[in-house]
1. Return the total of residues in the stretch B:66-79 being under 23 Å from residue B:171 (Cβ atoms) and buried (at least 20 other Cβ atoms within 10 Å of the Cβ).
2. Out of the residues in the stretch B:322-360 that are at positive phi and in a helix (DSSP H, G or I), state the one that is farthest from the chain's Cα centre (by Cα).
3. Residue A:122 is checked against (1) under 18 Å from the mean Cα position of the chain (by Cα); (2) within 14 Å of residue A:50 (Cα to Cα); (3) outside any helix (DSSP H, G or I) and fails just one. What number does that condition carry?
4. For the stretch B:35-64: of the residues being at pLDDT 95 or above and in contact with a Lys or Arg (Cβ under 6 Å, 6 or more places away or on another chain), which is farthest from residue B:350 (Cα to Cα)?
5. In the stretch B:354-366, is there at least one residue being farther than 24 Å from residue B:280 by Cα and either away from chain A (no Cβ under 12 Å) or crowded, with 19+ Cβ neighbours inside 10 Å (or both)?
6. Filter the stretch B:214-231 down to residues that are polar (S, T, N, Q) and either surrounded by 23 or more Cβ atoms within 10 Å (Cβ to Cβ) or in contact with a Ser or Thr (Cβ under 7 Å, 6 or more places away or on another chain) (or both), then give me how many there are.
7. Check the stretch A:343-356 and report whether any residue there is surrounded by fewer than 24 Cβ atoms within 10 Å (Cβ to Cβ), under 30 Å from residue A:6 (Cα atoms), of a type in the set (Gly, Ala, Ser) and more than 10 Å from chain B (Cβ to nearest Cβ).
8. For the stretch B:11-34, how many residues are charged (D, E, K, R) and modelled with pLDDT under 90?
Amino acid sequence: MDFNLTEPQEMFQKEVKKFAEAELTPFVDIMDKDNEFPHEVRPKLAAMNLYGIPIDQKYGGAGADHTSLALALEEIAKVLAPLAIHLQLQHVVNDRFNKLATEDQKMKWIPAICEATKVGCFGFTEPETGSNPKMIKTTAVEEADCFVLNGTKRFITNAPWADVMCVFAKLEGDISLFFVETDSKGFSTSKKMDKLGLRGTDLSDVVLEDVRIPKDHLMGGRGGKFDALKDAMTIGKLCLSAQCVGLMQASLDEAIKYAMNRMHFDEPIYELQAIHWLLAEMASRLEAARWLTYRAAFLKDQGLDTIKDMAITKLFVTQTAVDVCRFGMQVHGAYGISKEYKIERLFRDAKMYELLEGTSEIQRELVVKRLPR
Amino acid sequence: MDFKLTDEQTKLRKEFFDVCEGLEKKKPKGFAGLEGIYDTDEGWEYHLDCAREFGKRGWLSLGWPEEYGGQGTIMDKVFLSEATGYHDVPGVDIFGVNMLAPTLLAAGTDEMRKEYLPSIASGERMWCELWSEPNAGSDLAALTTSAVRKGDEYVINGQKIWSTGAHRGDWAFALVRTDPHADRKQKGITFLLMDMKIPGVTVKPLLYMDRCHLYNEVFLDDVRVPVRNVVGEENQGWGVTQTLANFERSSLGAIMAMHRQIEEVVEYCNETKVNGVPLAKNPLIRNRLAQMASELWASHALAYKIADAQSKNEMAAFDASAVKVFSGELQARMAQFGCDLLGPYGQVKHSKWAQFDGFFEKWYQQSFILNVAMGTNEIQRNIIAWYGLGLPRMK
């Protein structure tokens, strides 16, 4: 067993940390306060090749591993978590193209997404389907020269300005995967949603109304794409967990900084036992979550990842993030709720992760069904 | 021991609930909790209307001596708090009715009571609190706002923070330092009353994390307050605050608000099907709801016990701390549960997709403050350990 990062992983982590702190901090208010996506950040992310971390270099990626992806998302979430969500979604779309598209399609879309000249979004969730993929209602009907898609997708990140969308739909009763160019006739998005945390990611509904797409936009052949969905969600869970580790580290850093500077009872509150306990709990839980996440990344890199492992990771890490960020708020006392401090944003963002990619309740079900009996 | 209400109490409690149910129907859209009262002009007007209605009925002076216009008992006040909490109806000024009036009755002069109590009882004058400072929160006695006596006035300079509703309140009760050389920091503090509209008072908003305007910073620059506005004696204000701190923490209103939420969540779970099955049949949801209902009834019983003790002047200092910790943390867990129950919809606000009008998204943010306001829960646990369990006093 070896718990050390490799030299390239460590170097990459340091670079992303430096980049995030220097380049992403100015965008915090635009995303969190104004609920707007700062498009000027995209070329910066592309210049660091953050859109293509585990993607093959021949498609413009960095050819790195999933551990590097996790480390990068952790560092970015430490500064601005909604941007990490944006990166995660681009990776998930790239990964679908990489695994299921034709060579021409790969060459058309993956480099463009890596260079930030194109943006993708991912459409699975529907108004009546959040947790049970088999109940999706979006349909694809085959005609002589095209497929015709109809349905509504909900909670779609980046949808209002994406160029391409991966869409799960039922074709002859079985789940298939398509990609849809968003300038297609019949493709529309709703007003973006206002929400608790991870603000600025531009979340909306997508309505597909008689959208006609070429036949070669069917990805990986007809039907049987429940596995493709599970694969995408497995990567998603790793990405979310890595971001939660970043949020927790940021919360701990903020809590320590505050406790060292806040004078009460004639000394910094860092000297008070009640504060020791909170900080010690935060640090302990963070370390457990961090290593569970790194293990998940390691399993992914080895091709040993399972639904159970990823569900366990997502369940534990996202719940722990909510607790750790809440403790960080508690250390700040009343100042915790003030916009003057970072901690309230971390607290709001943390809760979001429990609700995305399957709630904790769903993760428990996934785990229990796979326990030995 | 008898947990049963008398027939008279049952009748009066029902009257409180009936009136509050009527007032609830006039509630502005989106109104909720303290935020609803102080954030918008519409909410504030609704608060004043409700206050005047309660004032007309004599319900803002429950438990006061008759000579000051009082009627009923402290327990009656508890029942009213249940009704307002359940229907989320404002009108009872937490500062004037719940905090200042009992303080004036305990520590004010007869002249002060006659001057200030009538407008509290009628709901005509609203109050706020000027206590916390940037460097004096849980360690409140570290406050530094100075009041220097000049003739029959004090000249006050300093900064207050976290002053709930100071942008709405007509008058404030403040803590100021009148003797900076006292041998203990608790000595040398004076409790006084001041008009918020006098020269030198500047109120600036301190937005909550959900950007609502509930809290304020208040700057006091050469503010002149008459010496006769002191409650108790000069330099003895800390003793006055110790009486007052126990008046605001029986938490019955918040507990009844949670009962209402449980009822609404149960209704939602009965009506909402996921994958063709009502949420009410989901074992995970049933388990969490049952757990919360159990804890809610435990905190309800504790709050009744405290109200009963208070009505008999037998309340221990740590009783209020216990119910504050228990019910405040329960409320935070309940808000979390609400978001979890709604899944991705639990994050949405201001939208047709926001279930319960976005209540749980809002409550998730609002409930945090319960565990840091009025002495953080760490401080409350210290009080319980020290006063309640007899453990050595520690910081």
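The values are calculated or read from the model by the stated rules, or taken from the named source; none is laboratory data. Given the structure is predicted, the values throughout are model-derived calculations rather than measurements. Heads up, the Cβs are rebuilt from the backbone with ideal geometry, glycines too, and the neighbour counts pull from every protein chain shown.
1. We begin by selecting, within the stretch B:66-79, every residue under 23 Å from residue B:171 (Cβ atoms); these are B:67-70, B:77.
When the remaining residues are screened for being buried (at least 20 other Cβ atoms within 10 Å of the Cβ), the result is B:77.
Total satisfying the criteria: 1.
2. From the stretch B:322-360, those at positive phi are B:343, B:350, B:356-358; that's our starting set.
Filter once more, so that each one left must be in a helix (DSSP H, G or I): B:343, B:356-358.
On the way: B:343: 31, B:356: 24, B:357: 24, B:358: 23 Å.
Going through the qualifying residues, I end up with B:343.
3. (2)
4. Per the criteria, the residue is B:44.
5. Restricting attention to the stretch B:354-366, the residues satisfying the condition of being farther than 24 Å from residue B:280 by Cα are B:365-366.
Then drop every residue that is not either away from chain A (no Cβ under 12 Å) or crowded, with 19+ Cβ neighbours inside 10 Å (or both), which leaves B:365-366.
Checked against the condition, which is being farther than 24 Å from residue B:280 by Cα and either away from chain A (no Cβ under 12 Å) or crowded, with 19+ Cβ neighbours inside 10 Å (or both), the stretch B:354-366 yields at least one hit.
6. Here the count works out to 1.
7. no
8. Initial filter on the stretch B:11-34 (charged (D, E, K, R)): B:11, B:13-15, B:18, B:21, B:24-27, B:29.
If we keep only those that are modelled with pLDDT under 90 too, we end up with B:29.
Matching residues across the stretch B:11-34 total 1.
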